[in-house]
Amino acid sequence: MTQTPIAHRGLVGPGRPANSLAAFEAAAAAGYGCELDVQLTTAGELVVVHDYDLTDLTGAAIRTGRLTPADRQRLRLDGTDERIPSLMEVLRQVAGRVPLLIELKRPVPILPPTLASAVLRQLAGYPGPYAVESFDPVLVAALRVAMLRMPAQRRAPVGRICGLLRTADPLTRLIGRSMLSNVVTRPDFLAYEVDGFPSRLVAWWRRRDVPVLAWPVTTVEQERYARQFADNIVFSGYRPSQQ
């Protein structure tokens, strides 16, 4: 996860909305890694979408967790021809060509092992490099436990997303900024909000050989700044040079 710049929700552009197959194909074709968001619906599907409500993305007032397979086939993203993809569709599209950085998301604190185990089951046998991550320390812990149950050769890095989290609720912001849960969950890497650099806490973990990804990096100037404190970037809005 430290060698190739990672496109935030794919290489977004005209006709290529965030978290679409077109955006992931563009990123893979350009040689960039792909960051993507995964949620579990009540229908049991793993869908690649960031928002918990689909109104802004599709014009349909549907909670993502209630999305049905029929809805997913019917709805279109941001006025394009692109649908909300399933995780399996993204895995088939990218097909191991570039690294995947997979963020697990859940709207309410229930059944985190179900989401973690479902994602890891679909990733079993995936031919390319990947890592999994979450803002949620409970999900990070669930991923860590599930990963330890796997054969050593199939384990992948587990990361914690953190930062200033200015728009989060006070408790989430406190947990995310302090990173106290990292002492228990021992993430393999940190994904840290670029506006929070420099950070003494991040530097402390980095000195202990925990790689750091900076997100979301949106300009060449911001990339130069981020690389002083991080080992790689998660970018959007421009194309970084291949490091």
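What the table shows:
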{"quantity": "Single residue of region 177-205 satisfying the filter (without any contact (Cβ under 8 Å) to a residue 12 or more places away in the chain and assigned to a helix (DSSP H, G or I)) that is surrounded by the most Cβ atoms within 10 Å (Cβ to Cβ)", "calculated": "Trp204"}
{"quantity": "Neighbours by Cβ (under 6 Å, 6+ apart or cross-chain): first from region 41-68, touching a residue at least 60 places away in the same chain (Cβ under 8 Å); second open to solvent by less than 50 Å² (accessible area, probe 1.4 Å) and among the β-branched types (Val, Ile, Thr)", "calculated": "Leu46/Val38"}
{"quantity": "Pairs where the first residue, in region 224-238, is outside any loop (DSSP other than H, G, I, E, B) and the second is among the small types (Gly, Ala, Ser), C-beta under 6 Å, 6+ apart", "calculated": "Ala226/Ala214; Ile233/Ala214; Ile233/Ala226"}
{"quantity": "Filter pass, Ala61 being surrounded by fewer than 18 Cβ atoms within 10 Å (Cβ to Cβ), at pLDDT below 95 and either touching a Ser or Thr at 6+ places or on another chain (Cβ under 9 Å) or hydroxyl-bearing (Ser, Thr, Tyr) (or both)", "calculated": "no"}
{"quantity": "Top-ranked residue of region 140-176 - restricted to ones that are hydrophobic (A, V, I, L, M, F, W, C), more than 20 Å from Ser117 (Cβ to Cβ) and assigned to a helix (DSSP H, G or I), ranked as least open to solvent (accessible area, probe 1.4 Å)", "calculated": "Ile175"}
{"quantity": "Some residue of region 60-77 being more than 18 Å from the chain's Cα centre (by Cα), part of a helix (DSSP H, G or I) and more than 22 Å from Phe24 (Cβ to Cβ)", "calculated": "yes"}
{"quantity": "Those residues of region 206-236 which are over 23 Å from Arg186 (Cβ atoms), in contact with a Pro (Cβ under 8 Å, 6 or more places away or on another chain) and either open to solvent by less than 50 Å² (accessible area, probe 1.4 Å) or at pLDDT below 95 (or both), in sequence order", "calculated": "Val217, Glu223, Ile233, Phe235, Ser236"}
{"quantity": "Unmet criterion (only one of (1) under 15 Å from Val158 (Cα atoms); (2) without any contact (Cβ under 8 Å) to a residue 24 or more places away in the chain; (3) out of contact with any helix residue (DSSP H, G or I) (no Cβ under 6 Å at 6 or more places or on another chain)) for Leu213", "calculated": "(2)"}
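The values are calculated or read from the model by the stated rules, or taken from the named source; none is laboratory data. What you see is a predicted model; the values in this text were computed from it and never measured. Because the Cβ atoms are built from the backbone with ideal geometry, glycine has one as well, and the counts that use them run over all protein chains shown. Heads up: the accessible areas ignore ligands, DNA and RNA and are worked out on the full protein's heavy atoms, side chains in. Shrake-Rupley method; radii C 1.70, N 1.55, O 1.52, S 1.80 Å.
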